[in-house]
Amino acid sequence: MAKDLDELLDEVESKFCRPDPLRLGMGEPSKGYRVTHRFDRNRAEAKEKLRSTETLKKEDDLDSLINEIFEEPNFNQKNFKLKSKSSGNTSVRASIQGLSKSCSPVYLGGSTLPFGIGTNTSPRACDHLRCIACDFWIVNYNDYMWDESCDYLFFRNNMPEFHKLKTKLVKKKGSRAYACQCSWRTVEELTNLQTDHQLRWVCGKH
């Protein structure tokens, strides 16, 4: 649009605003000169108005696009409600605290030991154990023990499907059978996990 306006103004200038050849060389500016000077000023003003008009048009187009987005039938304005900074921080802290409870120390135990968050004053068997070697969650079965024929390949191929694992489970009251994909244990009494240095099990937090 700006290019077309320049061409139109140039055409008008060439036809109507040439200096008067009879008055060239005289001290007083010719009428053509005055008209040309006024025309150049008007053209500059016209260009400035055109730029302002184009800028306003772009802003109007942007406003229209934003309005269309907010008027979409599936747009949920609730998703854009801003929470206060204090309430947001409180929610984050509450979420972190809710996910940061872990056993200390971590206990294993037989079927008579209740599950829960283990502490020095309240020993409980952790039921959120995870192996950091194979990245599997530990399964456990009350009143069972693992058969002596169990090996690494058995757990590698069958974890964590019980209908496959039960072929190596033997009934034994009071025992609890633990296993991941790379390790397994049968436990009958309270055991601090730190005393078994071969296991790479940790509390996965409660």
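A few points about this structure:
- Ranking 185, 124 from most to least accessible surface, computed with a 1.4 Å probe over the protein chains only, gives 124, 185.
- To the nearest 10, the accessible area of residue 117 is 60 Å² with a 1.4 Å probe.
- Note on residue 157 and residue 115: the extension gain reaches 12.3 nm, defined as 0.36 nm multiplied by sequence separation minus the Cα-Cα distance.
- Residue ranking by accessible heavy-atom surface, 1.4 Å probe, largest first, among 103, 182 comes out as 182, 103.
- When each of 101/168; 172/205; 101/171 is checked by Cα-Cα distance, pairs over 31 Å: 101/168; 101/171
- For the stretch 107-203, accessible area per residue (1.4 Å probe, heavy atoms of protein chains only), Å²: 57 Å²
- Across the stretch 107-203, C-alpha contacts under 8 Å between residues 6 or more apart give a mean separation that, scaled by the residue count, equals a relative contact order of 37 percent.
- Of 159, 145, the order by accessible heavy-atom surface (1.4 Å probe, DNA, RNA and ligands excluded), from most exposed downward, is 145, 159.
- Seen from all directions on average, the stretch 107-203 presents a Cα convex hull projection of 5.7 nm².
- Ligands, DNA and RNA aside, residue 141 has an accessible area near 40 Å² when probed at 1.4 Å.
The values are calculated or read from the model by the stated rules, or taken from the named source; none is laboratory data. Quick caveat, the model's predicted, so the values are computed rather than measured. For accessibility, only protein heavy atoms count, side chains too; no ligands or nucleic acids. Shrake-Rupley method; radii C 1.70, N 1.55, O 1.52, S 1.80 Å.
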